[in-house]
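The values are calculated or read from the model by the stated rules, or taken from the named source; none is laboratory data. For clarity, every value in this text was computed on a predicted model and none was experimentally measured. Cβ atoms come from the backbone with ideal geometry, glycine included; neighbour counts cover every protein chain shown. Areas reflect the complete protein model, heavy atoms only, side chains present, ligands, DNA and RNA absent. Shrake-Rupley method; radii C 1.70, N 1.55, O 1.52, S 1.80 Å.
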Amino acid sequence: MKDIISISDFSKKEFTDVLAEADKMHSALQKGKALDTLKGKIMAVMFFEASTRTRLSFESAMNRLGGSVLGFAEPASTSMAKAETIADTVNTVAQYSDVIVMRSPFPGAAQLASEVSSVPIINGGDGSREHPTQTMLDLFTIKKEKGRLDNLKVAMIGDLKYGRTVHSLCKAFNNYFKGIEFTFIAPEALAIPNEFKKGKYHETGKLELEDADVVYMTRIQKERFADPTEYEKLKSVYKITPKILETMKKDAIVMHPLPRVNEIDWRCDSDSRCIYFKQAYYGVPTRMALIQLALRGGK
Amino acid sequence: MMMVKHIENGTVIDHIDGGKALEVLKLMGGPNSSTVVIAVNVPSTKHKKKDILKMEGVYVDERKLDLISLIAPSATVNIIKNGKLVEKRPVKLPTEVSGVLTCLNPKCITNKDREPVTTKFTVEKEPLRLICVYCNKEFEGTSLLTA
Ligand SMILES: [Zn+2]
């Protein structure tokens, strides 16, 4: 049994193994081959915070492996509403399942869950801190679409101050891969924190994407601003349009963790470089690999 | 040598960097109802100036004593019982601090009501900082100690 709590828990070898396993899952899915490796296993989905996309992606992954799924998707429908602790809820649900995917708004909740649970915990996002399966699927997407995870020019755009997916991806690139050059594109109020400014990077307020191999777009979120006028001012500051696409490399890719609001013009969707929906698909084989790892891995 | 009343039972923290005694006392939980003698800026051979803290009838949790190293790395702890020195040791910088400090991140799971969880921080040197094992937040220097 192995808990998947933080992207930093992975060794370089485990990274490589997960990506290789995800690739096998991807091939099977592409061939329409039914898998039943986890037949008879139950995955519990405990979402103390709504995230339809992440939940459906996990559920799809488990179903694709022949396993079954139970769980809840909103705190209101759970005993949390009756003031049961997260620890007690996890402990109970562990009695009904073989693996638990958990999401909560409290940073550190997944760590606590892993300490009290008798079955492996997969962190589906805990507050500002971690969302390791998202990072893994982002890396898998880049690997598949660019053919490599070293020697890339990566442009990160939008809310770089609070953007959890951006932080985890930076960390993974810095810790495990070589030759990455970052361009951090953000308004001053949402600039990338110093701890992620490592290796080769440059910061700018302008949407300069001519050199980028990977363009990672993020949404600027309303809830980050105390002052709504500040949000109104910044929300549409960066927008990828067909015109912007024209300035980009022919083999660049545009990613987005979704959902988007208006930061990528829908008219871009038909451009083959815009792979954000494919990225959402890659989440399924990646999570298949991770669920298997959690159930099999030697802890 | 200055005359400071000897204590029969309690803890003496010696070789505190000059001027840091009050910070150390605060970390120890303040004087409460016990008798505390503080000597500040005492001339010393080892240091230019040192502070001494004598706490009558007080024995502090070992883990807390080692936290003194974050404020005064060369401090020594003397445990006195029935007028005799029963233990004398330097404080040493822990690699992990469990249970005695509170995380300042209000959203951290360790601050959530009734969850069965004890705080835990890893200690990183240069620059000195404490990192919450749960929420991963980093706290600089001694910011958690006297909060
Ligand atoms: Zn914390």
Helix A:276-296: inclination vs chain A longest Cα principal axis, degrees, rounded to 10, gives 30
Could you pull out every residue, at least 5 positions away or on a different chain, whose amide H is within less than 5 Å of the one on A:Thr183? Hs are placed 1.01 Å off N in the peptide plane, and Pro or chain starts have none. A:Val154, A:Ala155, A:Met156, A:His202
Report, ordered by chain and residue number, the lysines lying within cross-link reach of B:Lys125, taken as a straight Cα distance under 23 Å and ignoring same-chain residues fewer than 8 apart. A:Lys171, A:Lys197, A:Lys198, B:Lys20, B:Lys26, B:Lys64, B:Lys92, B:Lys137
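Using the Cα centre as the reference, give the magnitude of the dipole from point charges on the C-beta atoms of the stretch A:212-299 (Lys, Arg: +1; Asp, Glu: -1; all else neutral), rounded to the nearest 20 debye. If you can, show how the numbers build up before the last one.
Values: 16 positive and 11 negative charges, 72 e Å.
Roughly 340 debye, rounded to the nearest 20.
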Quick one: Cα centre-to-centre distance for the stretch A:153-217 and the stretch B:83-107, in angstrom? 38
Find the sum over both chains of the accessible area lost when B and A are paired, probe 1.4 Å, and report it in Å² to the nearest 100. 1200
Please sort A:39-48, B:122-131 by packing, taking for each peptide the average over its residues of neighbouring beta carbons within 10 angstrom, highest first. A:39-48, B:122-131
Measure off 7 Å from each Cα along the Cα-to-Cβ vector at A:Ala50 and A:Glu195, then give the distance between these two points in nanometres to one decimal. 3.0
For chain A, take the longest principal axis of its alpha carbons; what is the angle in degrees between that and the long axis of helix A:164-176, to the nearest 10 within 0 to 90? 90
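Just want to confirm a number: the relative contact order over the stretch A:149-297, from Cα pairs under 8 angstrom separated by 6+ residues, in percent. Let's see the in-between values first.
Working: 226 pairs, mean separation 32.5, N = 149.
Taking the mean separation of contacting Cα pairs over the length of the stretch A:149-297, I get 22 percent.
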Using a 1.4 angstrom probe on protein heavy atoms only, which residues from the stretch A:126-140 are buried by at least 10 Å² of accessible area when all chains are present rather than their own chain alone? A:Arg129
Interface residues of the stretch A:99-121, defined as losing at least 40 Å² of accessible area versus the chain alone with a 1.4 Å probe, are A:Phe106, A:Pro107, A:Leu112
A:Lys13/B:Lys48 FRET efficiency (R0 60 Å; Cβ-Cβ; nearest 0.05): 0.70
Taking a 31 Å limit on the Cα-Cα distance, which of the listed pairs A:Lys161/A:Lys243; B:Lys54/B:Lys107; B:Lys49/B:Lys81 fall beyond it? B:Lys54/B:Lys107
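For the protein assembly as shown, give the share of DSSP beta bridges that are antiparallel, in percent and rounded to the nearest 5; count only bridges with both residues there. Write down the numbers at each step before the final one.
Details: 34 of 68 bridges.
Counting only bridges with both partners in the protein assembly as shown, antiparallel ones make up about 50 percent.
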Under a 10 Å cutoff between Cα atoms, tell me which one of A:Gln134, A:Gln279, A:Gln221 has the largest fluctuation in the Gaussian network model of chain A. A:Gln221
The stretch B:117-147 and the stretch A:100-117: distance between their alpha carbon centers, rounded to Å: 20
Would you mind getting the accessible area per residue of the stretch A:132-279, heavy atoms of the protein chains only, 1.4 Å probe, in Å²? 47
Could you tell me what percent of the accessible area of the stretch B:93-147 is made up of carbon and sulfur, with a 1.4 Å probe and every protein chain present? 45
In nm, to one decimal, how far is the B:Ser34 label point from the A:Leu35 one, both placed 7 Å along Cα→Cβ? 6.0
Sequence-distant residues sharing a close amide H with A:Val99 (under 5 Å, placed H): A:Ile42, A:Ala44
Going through the cross-link list A:Lys12/A:Lys250; A:Lys144/A:Lys178; A:Lys239/A:Lys278, which pairs have a Cα-Cα distance over 27 Å in this structure? A:Lys12/A:Lys250
Amide H to amide H, which residues 5 or more places from A:Ile253 or on other chains are under 5 Å from it, using H placed in the peptide plane? A:Val214, A:Val215
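Given C-alpha coordinates of the stretch B:82-147, what is the ratio Rg to Rh with the Kirkwood estimate of Rh?
Values: Rg = 14.7 Å, Rh = 13.4 Å.
That ratio equals 1.10.
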Counting only protein heavy atoms with a 1.4 Å probe and every protein chain in place, the carbon and sulfur fraction of the accessible surface of the stretch A:168-299 in whole percent equals 50
